[in-house]
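Undergrad: Below is the structure I would like to discuss, written out as structure tokens.
The values are calculated or read from the model by the stated rules, or taken from the named source; none is laboratory data. Source: prediction; values computed, not measured. Neighbour counts are summed over all protein chains in view; Cβ atoms, including those assigned to glycine, are modelled from backbone coordinates with ideal geometry. Accessible surface is based on the protein model in full, side chains and every heavy atom, while ligands, DNA and RNA are left aside. Shrake-Rupley method; radii C 1.70, N 1.55, O 1.52, S 1.80 Å.
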Amino acid sequence: MLAGKNITLGVTGGIAVYKAAQLASNLKSGGADVRVIMTRSATAFVSPLTFQTLSGNRVYTELFEPVVEWNVQHIELAAISDLLVVVPATANILGKVAAGIADDLLSTVIMATTCPVLFCPAMNVNMYQNPVVQRNLAMLKDLGYHFVGPGQGRLACGAEGPGRLVELDVIMEKIQALLSPSDLKGLKVLVTAGPTLEPIDPVRYLTNRSSGKMGYALARAAASRGASVILISGPTNLQPPLGVELKQVETAAEMFKEVMEYFPRVDIVIKAAAVADYRPREVSGQKIKKTGSKLVIECEKNPDILAELGRRKTHQTLVGFAAETSNLEENAHQKVKDKNLDLMVANDVTLPGAGFGADTNIVKLVYPGQYVLPLPVMDKLSLAHRILDEVLKLRDNRQ
Ligand code: PMT
């Protein structure tokens, strides 16, 4: 998503400047062409040379510098940017933009650009809560400027409260979202993710190795492309993606109930969750004691959520995942038929770099009929975008 994008990073004077340096590096390694504008106070915290080294481009600091490039700098930077991100955004820069003041290079470029502008505020808690700053924030939001943060916590000045720069991965997520096409706008996407957890007694349960990464990547990708996303998730340690409605469940029965409730109102369902096929027939009210040399737990079948969706399907596009350890294509074809799917994403979870817990996945897209499209190893977010591309093609073909 970042490859080939021109991102201008505006850096203003606050202690969080050092985090902006890491952001410049992350953006560059993601494939973006990063140009940095530093205000004079930002240069008091970190040298422009740091940003020059990390971005691989010269750093802009002054409005009227001797001409080293032919074009007028602020117009050129404003025109070529796909996105302008201000990190950290101090009360000063927010106040200037809200008041229409353009008295240095950064405020001038912000004024002259037509690309989306993202502010990542960071300042002392009392400054942040000052009604003037709050008024400026409200005005800028109304005008269509984008914001992420600030976060809560202990600030560099020792105070506690809102004012911290949000984590860089949250900023990266927002940047990805702002740069993504809005081709899912107007569509409602339901994603399931993670494992289910089937209780045996108050302290034990049956579960599986799903981390939720695949499903969360799908929810994140869909939201970044403008969809309205409901994420129904089993227990995970993951941060919910920005702008997604999250419903947390534990058991397959709870997931079934939530999914069925939303199903009539959604356009696309992607079932990446690893749902337990069986659950203990009886859940002991007390911790089971270590009495005999063996313990037999009798299990009964859980409802097959996806198969039920296949039966109830009207206008929805239905995508399943198949986690297989052998006969990948054959099993996936069978599940496409049995569950009345539009697409099955089949992963052989025994392959290194695929399946449970990994940051990457290796899948074959299996369609009704005999068509199979093998994909190379991909990080889960890129794969999520690829799956959404396929879903859009399927929907276009149907119309
Ligand atoms: O979460 P990660 O660590 O990122 O790992 C990703 C993943 C391996 C979990 C994911 O890529 C994946 O394969 N998910 C589906 C796992 C699975 O349950 O596969 P299955 O072949 O048993 O089920 C087929 C489909 O039926 C799945 O879409 C599943 O959600 C659905 N199902 C299964 C059983 C059931 N009772 N109800 C269902 O809806």
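Undergrad: Answer yes or no: is there a residue in the range 183-200 that is within 23 Å of D379 (Cβ to Cβ), acidic (D, E) and either within 15 Å of the ligand (Cβ to nearest atom) or touching a Gly at 6+ places or on another chain (Cβ under 9 Å) (or both).
TA: The answer is yes, given that some residue of the range 183-200 is within 23 Å of D379 (Cβ to Cβ), acidic (D, E) and either within 15 Å of the ligand (Cβ to nearest atom) or touching a Gly at 6+ places or on another chain (Cβ under 9 Å) (or both).
Undergrad: In the range 213-226, which residues are open to solvent by less than 10 Å² (accessible area, probe 1.4 Å) and not in a helix (DSSP H, G or I)?
TA: Scanning the range 213-226 gives a single hit, R225.
Undergrad: Would you check which residues across the range 368-396 are of a type in the set (D, E) and either in contact with a helix residue (DSSP H, G or I) (Cβ under 7 Å, 6 or more places away or on another chain) or over 23 Å from L187 (Cβ atoms) (or both) and list them?
TA: Within the range 368-396, the first condition is being of a type in the set (D, E), and the residues that meet it are 379, 389-390, 396.
The one that is of a type in the set (D, E) and either in contact with a helix residue (DSSP H, G or I) (Cβ under 7 Å, 6 or more places away or on another chain) or over 23 Å from L187 (Cβ atoms) (or both): D379.
Undergrad: Which condition does G357 not pass, out of (1) in contact with a strand residue (DSSP E or B) (Cβ under 7 Å, 6 or more places away or on another chain); (2) open to solvent by 10 Å² or more (accessible area, probe 1.4 Å); (3) within 11 Å of the ligand (Cβ to nearest atom), if it passes all the others?
TA: (1)
Undergrad: Out of all the residues in the range 188-199, is one or more under 30 Å from A354 (Cα atoms) and open to solvent by 30 Å² or more (accessible area, probe 1.4 Å)?
TA: Within the range 188-199 (the criterion being under 30 Å from A354 (Cα atoms) and open to solvent by 30 Å² or more (accessible area, probe 1.4 Å)), the answer is yes, since at least one residue qualifies.
Undergrad: Restricting attention to the range 302-322, and to residues there that are out of contact with any Lys or Arg (no Cβ under 6 Å at 6 or more places or on another chain), in a loop (DSSP other than H, G, I, E, B) and within 11 Å of the ligand (Cβ to nearest atom), which single residue is farthest from L218 (Cα to Cα)?
TA: P303
Undergrad: So, in the range 361-380, of the ones that are β-branched (V, I, T) and surrounded by fewer than 18 Cβ atoms within 10 Å (Cβ to Cβ), which residue ends up modelled with the highest pLDDT?
TA: At the first step, the residues of the range 361-380 found to be β-branched (V, I, T) are 362-363, 366, 372, 377.
Among the residues that remain, those that are also surrounded by fewer than 18 Cβ atoms within 10 Å (Cβ to Cβ) are: 372, 377.
Working: V372: 96, V377: 92.
In this case the residue turns out to be V372.
Undergrad: Pairs needed: first member in the range 142-165, of a type in the set (D, E); second member anywhere, open to solvent by 30 Å² or more (accessible area, probe 1.4 Å); C-beta distance under 9 Å; at least 6 residues apart or different chains.
TA: Pairs that qualify, where the first residue is of a type in the set (D, E) and the partner is open to solvent by 30 Å² or more (accessible area, probe 1.4 Å), are E160/Q152; E160/R154.
Undergrad: While we're here: Being at pLDDT 95 or above, open to solvent by 30 Å² or more (accessible area, probe 1.4 Å) and either away from the ligand (no atom under 16 Å from the Cβ) or touching a Ser or Thr at 6+ places or on another chain (Cβ under 7 Å) (or both) is true for just one of R204, R209, R154. Which residue is that? Walk me through it before giving the result.
TA: Values: R209 fails: either away from the ligand (no atom under 16 Å from the Cβ) or touching a Ser or Thr at 6+ places or on another chain (Cβ under 7 Å) (or both); R154 fails: at pLDDT 95 or above.
After ruling out the rest, the residue left standing is R204.
Undergrad: Let me ask something else. Can you spot a residue in the range 280-297 that is in the same structural domain as K364 (by TED's automatic domain parsing), in a strand (DSSP E or B), within 16 Å of the ligand (Cβ to nearest atom) and farther than 30 Å from N361 by Cα?
TA: So the first thing to find is which residues in the range 280-297 are in the same structural domain as K364 (by TED's automatic domain parsing), and the list is 280-297.
The next check asks that each one be in a strand (DSSP E or B); those that pass are 280.
Adding the requirement that they be within 16 Å of the ligand (Cβ to nearest atom) leaves 280.
Now drop any that are not farther than 30 Å from N361 by Cα, which leaves 280.
Taking every residue of the range 280-297 in turn, at least one turns out to be in the same structural domain as K364 (by TED's automatic domain parsing), in a strand (DSSP E or B), within 16 Å of the ligand (Cβ to nearest atom) and farther than 30 Å from N361 by Cα.
Undergrad: Here is a further query. At least 3 residues that are more than 20 Å from the chain's Cα centre (by Cα) and closer than 17 Å to L218 by Cα in each: list the strands (runs of 3 or more DSSP E) lying fully within the range 323-399 that qualify.
TA: Numbers: elements: 343-348, 363-366, 372-374.
Here the list reads 343-348, 363-366.
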